[in-house]
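Chemist: This is the structure, below, for whatever I ask next.
Only the coordinates and a few stated rules stand behind these numbers; no lab work does. Here the structure is a predicted model, which means the values were calculated and not measured. Every residue, glycine as well, gets a Cβ built from its backbone with ideal geometry; the counts of neighbours run over all protein chains shown.
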Amino acid sequence: MLTITVLSINYNLAPATLRREIAVLLNRVWPEEDGLPEDTIPTAHDEALNARSFYAYADGKLVSYTGVITKAIEHKGERFVLSGLSCVATDPDYRNLGYGLKTVVAATRWMEQSGVDLGIFTCNPSLTDFYHRAGSWPAVPDVSLIGSRDEGALTSDSLQVVVLMRLFSAKAIAHKKMLRHTTINLDLPVGQFL
């Protein structure tokens, strides 16, 4: 049986070598037209979102990555702190071996213990079963996400993605009705989304 060790670090404190490895992996999974620049390291996460990184190595290289961003939002007059999975990626040569599952499990456990009110993110409809296995993430078809109210902001509807959500805190559970059958504004800069 394959032993997979998941490591974790605050992305903002990660050394340049690890940030570069993350950028290389993300570019392998979602190639940029121009490739990766040699002289700079593209950032995977906005510094203000205080991302936590979960990652695994195999054969001496980074093969799986899951980021967790955290931010406060206001929804219907209530303030909630949410976390969401971001940049979930596994090297195509290492898929179906458990690496992605392990990084998502570790990220989900961290969210459960972090004190946030809820976890929320989106995924391609074909990945809902994976996220359910990895962290009991249920799809919530009655919830839509918008990046912001600004013109050009991304939305779960326009991207044709599924919203997944878990309520963690007593506050979120008490406000469950408010968090269902609704549109949640993530209040992100235009072009950013979960």
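Chemist: Any idea which of 99, 131 is surrounded by 13 or more Cβ atoms within 10 Å (Cβ to Cβ) and under 25 Å from residue 188 (Cα atoms)?
Modeler: Every option except 131 fails the conditions.
Chemist: Filter the range 73-103 for residues that are closer than 27 Å to residue 146 by Cβ and either among the hydroxyl-bearing types (Ser, Thr, Tyr) or in contact with a Gly (Cβ under 6 Å, 6 or more places away or on another chain) (or both) and give the result.
Modeler: 83, 86, 87
Let's see how each residue does on (1) in contact with a helix residue (DSSP H, G or I) (Cβ under 9 Å, 6 or more places away or on another chain); (2) within 14 Å of residue 11 (Cβ to Cβ):
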residue: 28; (1), (2): yes, no
residue: 35; (1), (2): yes, no
residue: 47; (1), (2): yes, yes
residue: 63; (1), (2): yes, no
residue: 109; (1), (2): yes, no
residue: 115; (1), (2): no, no
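Chemist: Still on this structure: Of all helices (runs of 4 or more DSSP H) completely enclosed by the range 84-163, which ones contain at least 3 residues that are not hydroxyl-bearing (Ser, Thr, Tyr)?
Modeler: Hits in the range 84-163: 99-114, 128-135.
Chemist: Let me ask another. Testing residue 152 on (1) among the small types (Gly, Ala, Ser); (2) in contact with a strand residue (DSSP E or B) (Cβ under 8 Å, 6 or more places away or on another chain); (3) under 23 Å from residue 74 (Cα atoms), one condition comes back false. Which one is that?
Modeler: (2)
Chemist: Name every residue in the range 11-64 that is of a type in the set (Phe, Trp, Tyr) and buried (at least 19 other Cβ atoms within 10 Å of the Cβ), in order of residue number.
Modeler: 11, 54, 55
Chemist: Could you check the range 83-113 and list, in sequence order, the residues that are free of Cβ contacts under 8 Å to residues at least 60 places away in the same chain and either over 15 Å from the mean Cα position of the chain (by Cα) or farther than 15 Å from residue 166 by Cα (or both)?
Modeler: 88, 93, 94, 95, 96, 100, 101, 113
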